[in-house]
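Visitor: Take this structure first; my questions come after.
The values are calculated or read from the model by the stated rules, or taken from the named source; none is laboratory data. Bear in mind the structure is a predicted one, so any value in this text is a computation, not a measurement. For neighbour counting, all protein chains shown are included, and Cβ atoms are generated from backbone atoms with ideal geometry for every residue, glycine included. Note: areas computed on protein heavy atoms with side chains; ligands, DNA, RNA excluded. Shrake-Rupley method; radii C 1.70, N 1.55, O 1.52, S 1.80 Å.
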Amino acid sequence: MTSAPPIGPLGVVQTEDGGELRVWSANATAMELCLYDERDANWLVSAVAMVRGDDDVWSARSPALVPGARYSVRASGPTGPTHSFEPTLDLIDPYARGLARTAKGEWRSYVQDDAFDWEGVGKPAVPLDHVVLYEAHVKGLTKLNPDLPEELRGTYAGLGHPSTIAYLRALGVTSVELLPIHQSVSEQRLIKQGLTNYWGYNTLNFFTPHAEYATREAQSGGTGAVLREVKTMVKNLHAAGLEVLLDVVYNHTAEEGPTGPTTSLRGIDNESYYRQNSKGEYIDVTGCGNTVDFAIPAARQLVLDSLKYWANEVQIDGFRFDLAVTLGRDERVEFDPEHPLLAAIVADPQLAGVKMIAEPWDVGMGGWQVGRFPSGWSEWNDGYRDRTRDFWLTDIGAARANGIAPNGIGSLARRLAGSAHVFPQNRGPMASVNFVTAHDGFTMADLTAYYTKHNLGNGEKNRDGTGDNHSFNHGVEGPTDDTTILTARRRTMRNLLGTLLLSAGIPMITAGDEFGRTQRGNNNAYCHDSELTWVAWQRDEWQVDLLEVATLLTRLRRENPALRPRHFGRFGETVPSATQMDWYNKEGLSMSEDDWDSPAERTLQYLAASTPEFEEFNRILLVVHGLEDAITVTLPEHEGVTGYELLWDSATTALDPEQHAPGSELTVTGTSMRLYRAH
């Protein structure tokens, strides 16, 4: 598949005589621009016939098509199983930058007022090796924050408020990755159940911000007010040195399956925009009812134009692509790593420097493609997630039950070092977005407290959500007052955070994990807009302690470049901005094959030295012990190392400074980690 030249500007383009609307449709036989009264979006003021021009672009001009104008598109076309034309239906312009609801609940596009003063504030441009992602929901992060004025809680303005920014900066994250803020709606099934799609993975339009996350003042503030609140949020975060990334859902739309609501692409050109067979049956590789067909140039351009709008007009720093494999499927619905859309996203000069993160799977045939995206992409590393959980959770549970853990330490060690077995040499550890939890699945605290999902509140009889959680409840399902179990759970949380923030790659913290947020065992809380999913700001003493650990770990990562190599090393060479890695067993000797693979030998010492390019030389020692019995460890002797300074110990929340010579014998607590700086 080769890339096609751009079709030209689409959407509303301002001219000297008002505005021109340009809409692509290969199969329409007639189209109309419908203009509505600014105060009553149900009142049709005029209809202008659109003219078909080059590249199947339909256009119409009107002096009334100026900022604030409400409008829709109506399209006529052939009948047949692959078409869904309905000439009386008001459709959303796919390029609409603003949306308004009518009194009847219908949608109208409106011409956006993009004016905004950035006051010279630019993007922080955080280098990838310094990035610490923080995945959060605009509403959920701020809804319960008592330091915010009531009217700002749960809003863009609340996220950009000094109190929220102060928290994020103190935690030490660099980049906030927001769950979808494109305008979304709830699925018809959820509406009938009285539930809502809280996460927002059901996009109505790719250019318009979700209005319900704005303050009431902005929602009633006229054209451009919601967008200005979004831009002000971004500007405030940027001024504090924090990046803003968006989770974007281009793989499907809110039109659902063939019997779902027709709001935009289906009515404009169903046959072109959605994957289907000759009978009109949708080819659904997203699990959401429809799949956008990126084998056609117009669909690819829609994504690129949306990305460029958000990256430049709204100054967004990066994007995480939901079900990104769908974006790389060709005419045969097969994944192609060289797909023109995947290549264009990282090659377009208007997207230079923008961070691109793939969720490298979908639910179609051949949907798991971790490690196969092109250079310039980073990817969610689910293997990292599963092996980290196994090492600290399921393996420990199995060892209690059977007397021995099922796995050695080698699998975890590969992830600590950047997953070179997954990502090719030329992409390096920055290709791996490491995570232990995300918005879907158990929270970190729930991983340590629940063995099975508890999703009855979702209305699907506990059928939804994965049953493969790689979790361990430490002996009791759910809450307990048993101090032994609570101590073990909290140490496990510290180990999970430590593994995440001390591994090579790009770490991602899920909002609330830094202090042990729970969803009471619900591992698929997408339909709960309530305190179950909102981040709590009142915390128990143990949660304050855990937050301090997370803050310490982000600082240690920042201060020790040996923990965050930009490139993979090569044997016998000195690679700039890589890390020289040496591996030792508990006796301080080089690891043998048995040390790597034996379930009885789950202890290693990882000595990592930076190869300086932009920062000072640095060397650390990470000690990992994955059995519940304490063990004696001999610190390794290594050329150039004269001593080890203890920086962190997951076995305790109160650290006493320690200095140890190479060859010293130390007692290491069961299931714990230690980080030393080597001198």
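Visitor: Expected output is a single nm value to one decimal: the length gained when fully extending between Glu587 and Thr29, i.e. 0.36 nm times separation in residues minus the C-alpha distance. What is it?
Guide: Gain on stretching Glu587 to Thr29: 193.1 nm.
Visitor: Among 134-141, 544-551, 627-634, how do they line up by average Cβ neighbours within 10 Å per residue, starting with the highest?
Guide: Result, highest mean Cβ count within 10 Å first: 134-141, 544-551, 627-634.
Visitor: I would also like to ask the following. Among Lys143/Lys453; Lys123/Lys308; Lys139/Lys461; Lys104/Lys143, which pairs are too far apart, with a Cα-Cα distance over 23 Å?
Guide: Lys143/Lys453; Lys139/Lys461; Lys104/Lys143
Visitor: Which of Pro9, Pro149, Trp648 sits closest to the plus end of the dipole of the chain, meaning its Cα is farthest towards the positive end, when Lys and Arg get +1 and Asp and Glu get -1 on the C-beta?
Guide: Among Pro9, Pro149, Trp648, the one farthest towards the positive end of the dipole of the chain is Pro149.
Visitor: Sticking with this structure for a sec: Given the convex hull of the Cα atoms of the stretch 451-529, what is a quarter of its surface area in nm²?
Guide: Projected area, direction-averaged: 6.3 nm².
Visitor: Go from 0 up to the bin containing the longest alpha carbon distance in the stretch 553-592, width 5 Å each, and give me the % of pairs per bin.
Guide: Answer for the stretch 553-592: a P(r) of 6, 21, 18, 17, 22, 15, 1 percent.
Visitor: Gain in length, Ser278 to Asn426, computed as 0.36 nm per residue apart minus the alpha-carbon separation, to one decimal in nm?
Guide: Result: 49.1 nm gained on full extension.
Visitor: Report, for the chain, the % of DSSP beta bridges that are antiparallel, rounded to 5.
Guide: Roughly 75 percent of the beta bridges in the chain run antiparallel, per DSSP.
Visitor: Here is a further query. Once the dipole of the chain is set up with Lys and Arg at +1 and Asp and Glu at -1 on Cβ about the Cα centre, which of Tyr167, Leu341, Thr196 lies farthest towards its positive end?
Guide: Value computed over the given set: Thr196.
Visitor: Suppose R0 equals 30 Å; then what is the FRET efficiency for Ser664 and Asp597 from their Cβ-Cβ distance, rounded to the nearest 0.05?
Guide: Using R0 = 30 Å, I get an efficiency of 0.65.
Visitor: Could you tell me how far the Cα centroid of the stretch 322-385 sits from the Cα centroid of the stretch 10-70, in Å?
Guide: So the separation of the two Cα centres works out to 34 Å.
Visitor: While we're here: Spelling out what I want: for every residue of the stretch 208-214, take phi, set θ = phi - 60°, compute 6.51 cos²θ - 1.76 cosθ + 1.60 (Karplus), and round to whole Hz; glycine and proline get x.
Guide: Each residue of the stretch 208-214 in turn: 9, x, 5, 5, 5, 8, 8 Hz.
Visitor: Next up: Based on the mean of other Cβ atoms within 10 Å per residue, sort peptides 19-28, 248-257, 466-475 so the most packed one is first.
Guide: Ranking, from highest mean packing down: 248-257, 19-28, 466-475.
Visitor: Now, a different point. Report the calculated FRET efficiency for Asn402 and Val13 (r = Cβ-Cβ distance, R0 = 45 Å), to the nearest 0.05. Working shown, then result.
Guide: Values: r = 68 Å, r/R0 = 1.51.
That gives a FRET efficiency of 0.10.
Visitor: For the stretch 290-417, state what percent of all Cα-Cα pairs lands in each successive 5 Å bin, counting from 0 Å until the bin that includes the largest distance.
Guide: 2, 10, 17, 17, 15, 11, 9, 8, 6, 4, 2, 0
Visitor: Evaluated at 25 °C with a viscosity of 0.890 mPa s, what Stokes-Einstein diffusion coefficient in µm²/s does the stretch 345-458 have when Rh comes from the Kirkwood expression over alpha-carbon pairs?
Guide: The diffusion coefficient I find is 151 µm²/s.
Visitor: I've got another one for you. Rank-order 154-162, 598-606 by packing density, defined as the average count of other C-beta atoms within 10 Å over each peptide's residues, highest first.
Guide: Most protected by this proxy first, the peptides run 154-162, 598-606.
Visitor: If a/c stays under 1.5 just call it rounded; otherwise compare a/b with b/c (prolate if a/b is bigger, oblate if not). Do that for the stretch 578-672, with a ≥ b ≥ c from the square roots of the Cα gyration tensor eigenvalues.
Guide: Numbers: a/c = 1.75, a/b = 1.25, b/c = 1.40.
It comes out oblate by the Cα gyration axes.
Visitor: Taking the Cα centre as origin and putting +1 on Lys and Arg beta-carbons and -1 on Asp and Glu beta-carbons, what dipole magnitude results for the stretch 206-328, to the nearest 20 debye? Intermediate results must be reported in sequence, preceding the final value.
Guide: On the way: 10 positive and 16 negative charges, 49 e Å.
Here the stretch 206-328 has a charge dipole of around 240 debye.
Visitor: Here is a further query. What value in Å³ per residue do you get for the convex hull of the alpha-carbon atoms in the stretch 220-338?
Guide: Enclosed volume per residue, from the Cα hull, is 133 Å³.
Visitor: Asn523's amide H: which non-local residues (gap 5+, or another chain) put their own amide H closer than 5 Å, with H modeled 1.01 Å from N in plane and none for Pro or chain starts?
Guide: Sorted by chain and number, the residues that satisfy this are His454.
Visitor: Still on this structure, please answer the following. First compute the accessible area of the chain with a 1.4 Å probe, then give the percent of it belonging to carbon and sulfur atoms. Kindly include the intermediate steps, with their values, before the conclusion.
Guide: Values: 12780 of 26050 Å².
Summing carbon and sulfur atoms, their accessible area is 49 percent of the total for the chain.
Visitor: Could you check the simple spin-label distance between Ala115 and Leu532, using points 7 Å along Cα→Cβ, in nm with one decimal?
Guide: 4.5 nm
Visitor: Using only the alpha carbons, work out the radius of gyration and Dmax of the stretch 1-137 in angstrom.
Guide: Cα-based Rg and Dmax for the stretch 1-137 come out at 18.7, 55 Å.
Visitor: Now, a different point. I need the Kirkwood Rh of the chain: take the reciprocal of the average 1/r across all distinct C-alpha pairs and report it in angstrom.
Guide: 26.5 Å
Visitor: So what is the orientation-averaged projected area of the stretch 417-549, using the convex hull of its C-alpha atoms, in nm²? Working shown, then result.
Guide: Working: hull surface 36.5 nm².
In nm², the orientation-averaged hull projection of the stretch 417-549 is 9.1.
Visitor: Quick one: dipole size for the chain, taken about the Cα centre, charges +1 on Lys/Arg Cβ and -1 on Asp/Glu Cβ, in debye to the nearest 20. It would help to have the intermediate numbers written out before the result.
Guide: On the way: 59 positive and 91 negative charges, 114 e Å.
In total the dipole reaches around 540 debye.
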